[in-house]
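Read the structure below first, then the notes.
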């Protein structure tokens, strides 16, 4: 399995800026390590490869992966990827769903608390393409 590692390497000289280096999916697989954004990106890539509409779901200090149930549907499922090495897939889904619900509620006063970035939308609107 892939183990969760709390690593947030940043190359930004502005200490007030929030950024970090994200591992490519092949790096996470090869190293068998991932932090929250690495794991969310890896799973989003896998879901996309299966033609499932995936999204990176970002809060102020954490990331999970989400996917639409049914093409073009409004219902989203979520997965807490950091828990997959120590919990069942069902538990990681349940915890991901709880986090997403909490973040959506908190976003009413602070939109940075819940951002769901559709991979398809990122590609169409911002022309973000796979690196490999």
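FYI, it's all coordinate maths here, none of it is from the lab. The shown structure was predicted, so the numbers you read here are calculated from the model rather than taken from an experiment. All Cβ positions, even for glycine, are placed from backbone atoms using ideal geometry, and neighbour counts span all protein chains on display.
Let a ≥ b ≥ c be the square roots of the eigenvalues of the Cα gyration tensor of the range 80-132; is it rounded (a/c under 1.5), or, if not, prolate (a/b larger than b/c) or oblate?
Details: a/c = 3.30, a/b = 1.23, b/c = 2.69.
Oblate, since a/c reaches 1.5 and b/c is not below a/b.
Peptides 96-102, 39-45, ordered by how many other C-beta atoms sit within 10 Å of their residues on average, highest first, read 39-45, 96-102. Could you check which residue among 75, 116, 93 shows the biggest mean-square fluctuation in a GNM of the chain with a 10 Å Cα cutoff? Looking only at 75, 116, 93, the biggest GNM fluctuation is shown by 75. A Gaussian network model of the chain, with springs between Cα atoms under 10 Å, assigns the largest mean-square fluctuation among 88, 59, 118 to 88. Contact order for the chain, expressed relative to its length and based on alpha carbon pairs under 8 Å spaced 6+ residues apart, stands at 21 percent. Legend: P(r) of the chain from all alpha carbon pair distances, 5 Å bins from 0, whole percents, reading 2, 11, 18, 23, 23, 15, 6, 2, 0.
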